[in-house]
Amino acid sequence: MSNLRGNNLYFDVAATTPLDVEVIEEMNRINRNNFGNPSSIHQFGQQAHNVLERSRKNISKLLSCHESEIYFTSGGTESNNLALKGILKADNHLITTSYEHPAVLKVAKELMKEGVNATFLKPNQNGIIDPIELKKAITPKTKLVSIMHVNNELGTINPIADIGEICKDSGILFHTDAVQYIGKGPLNLSTTPVDLLSIGAHKFYGPKGIGILFAKRGISMKPLLIGGGQEKGLSPGTENISLIAGMSKALDIAYNKMIENSEHIKGMEQKFIHSLNDSNINYKINGFPRLSGIINVTFNDIDGHDLLMNLDLRGIAISFGSACASGSAKASSALLETGMLKEDAKKTVRISIGKFIKKKDIDTLIDNLKKIIPCSKPKGEIIEQ
Ligand SMILES: Cc1ncc(COP(=O)(O)O)c(C=O)c1O
């Protein structure tokens, strides 16, 4: 890839992560040795079946849940679709939020056409859903609450345990889209009051096109697709065991190195923020409390899309809006939902820091930001917001 500065720096791990080398090796090994269909009775099938069930067992151990509660899907999108469409029917009430990923937001809007009633809670100015607002929205017809764990644009962490307790006390099912959280921080599914939870492997250095829907035992769901009986009929189709084994390996690595990685990422983020403070770049970081590594930042003196394009020319990748909508220069609707002004949202980008980022990469990013952004703030002067 050619660019102005010969850089090759990726600050967009919230969009997707590169594969861990061990994950590639594991997938290659499976692809070479296990081509069988896990549903076949002969030895080829049984070998593939063993890979499938070994992966399920490993993942359930890491997430502290039962093997029967793990459903392999094609990723976060399918998991979210299955959780909502599999549970809700006409006349049910759904409570979700106005800043969910489209794989929840658009599904909720689609379900409304089929007679489902929906309430969309707005995040507060910090980008958090207030559990009190959830409590107020519950009606006798509320069947499901779907509130994301970590917001993909702001990195803000919702109070999942409090939300889950409210749902439990009211006898309502609770689904959370944890695609941006899993692999980054601890979660014990045997003690957290969550009924359904979505996971996508490509956010934790695993392969794309594979994910999980965790669903507590006893929950009855209808499938999105009709076919063979795989995944107890809820995600039918011959299983891709190399993707599944790759996801299991990636989750292994994420859990074994969780503390080390999160401390490293926190350190890189602090260095980035300190360097911005020491510069005369006029900026503001949005959202609190936040998961380290997803930094939503407004640069007051440049359009976000222009900044993305300028950095890209210099070989540095960041994000403007969400990945699914990139290419458009529209202000992010998730940011507008927090009450951010449109003119500020247009100057806001997402810089996401992964485990492979080094101190010198942060220095390169800062040097390039200083070169690109015209600075209105004389060094040391505090600008009134
Ligand atoms: C919060 C959230 N939910 C769902 C998805 C979709 O996941 P997948 O790409 O695995 O379908 C994403 C990915 O961008 C996400 O960030």
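The values are calculated or read from the model by the stated rules, or taken from the named source; none is laboratory data. On a predicted model such as this, the values are computed, not experimentally measured, just so you know. Note that each Cβ is placed from the backbone with ideal geometry, even for glycine, and that neighbours are counted across all protein chains shown. Side chains included, ligands, DNA and RNA excluded: accessible areas come from the protein's heavy atoms. Shrake-Rupley method; radii C 1.70, N 1.55, O 1.52, S 1.80 Å.
The criterion of at least 1 residues that are more than 15 Å from Glu153 (Cα to Cα) is met, among strands (runs of 3 or more DSSP E) falling completely within region 280-372, by 283-286, 294-299. Just a yes or no: is a residue in region 39-61 aliphatic (A, V, I, L, M), within 16 Å of the ligand (Cβ to nearest atom), part of a helix (DSSP H, G or I) and in contact with a strand residue (DSSP E or B) (Cβ under 8 Å, 6 or more places away or on another chain)? Within region 39-61 (the criterion being aliphatic (A, V, I, L, M), within 16 Å of the ligand (Cβ to nearest atom), part of a helix (DSSP H, G or I) and in contact with a strand residue (DSSP E or B) (Cβ under 8 Å, 6 or more places away or on another chain)), the answer is yes, since at least one residue qualifies. When region 194-211 is filtered for residues that are more than 10 Å from the ligand (Cβ to nearest atom) and within 11 Å of Leu63 (Cβ to Cβ), the ones remaining, listed by number, are Val194, Leu197.
Here is a yes/no grid of residues against (1) within 24 Å of Leu62 (Cβ to Cβ); (2) assigned to a loop (DSSP other than H, G, I, E, B):
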residue: Asn126; (1), (2): no, yes
residue: Glu133; (1), (2): no, no
residue: Lys136; (1), (2): no, no
residue: Pro140; (1), (2): no, yes
residue: Leu144; (1), (2): no, no
residue: Ile166; (1), (2): no, no
residue: Asp169; (1), (2): no, no
residue: Asn188; (1), (2): yes, yes
residue: Thr192; (1), (2): yes, yes
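From the set of residues in region 205-252 that are more than 24 Å from Asn33 (Cα to Cα) and in a helix (DSSP H, G or I), which is most open to solvent (accessible area, probe 1.4 Å)? The residue in question is Lys232. Among residues of region 87-133 being surrounded by fewer than 21 Cβ atoms within 10 Å (Cβ to Cβ) and in contact (Cβ under 8 Å) with a residue 60 or more places away in the chain, the one that is nearest to the ligand (Cβ to nearest atom) is Pro102. From the list Thr176, Thr156, the one residue that fits, being free of Cβ contacts under 8 Å to residues at least 40 places away in the same chain and within 12 Å of the ligand (Cβ to nearest atom), is Thr176.
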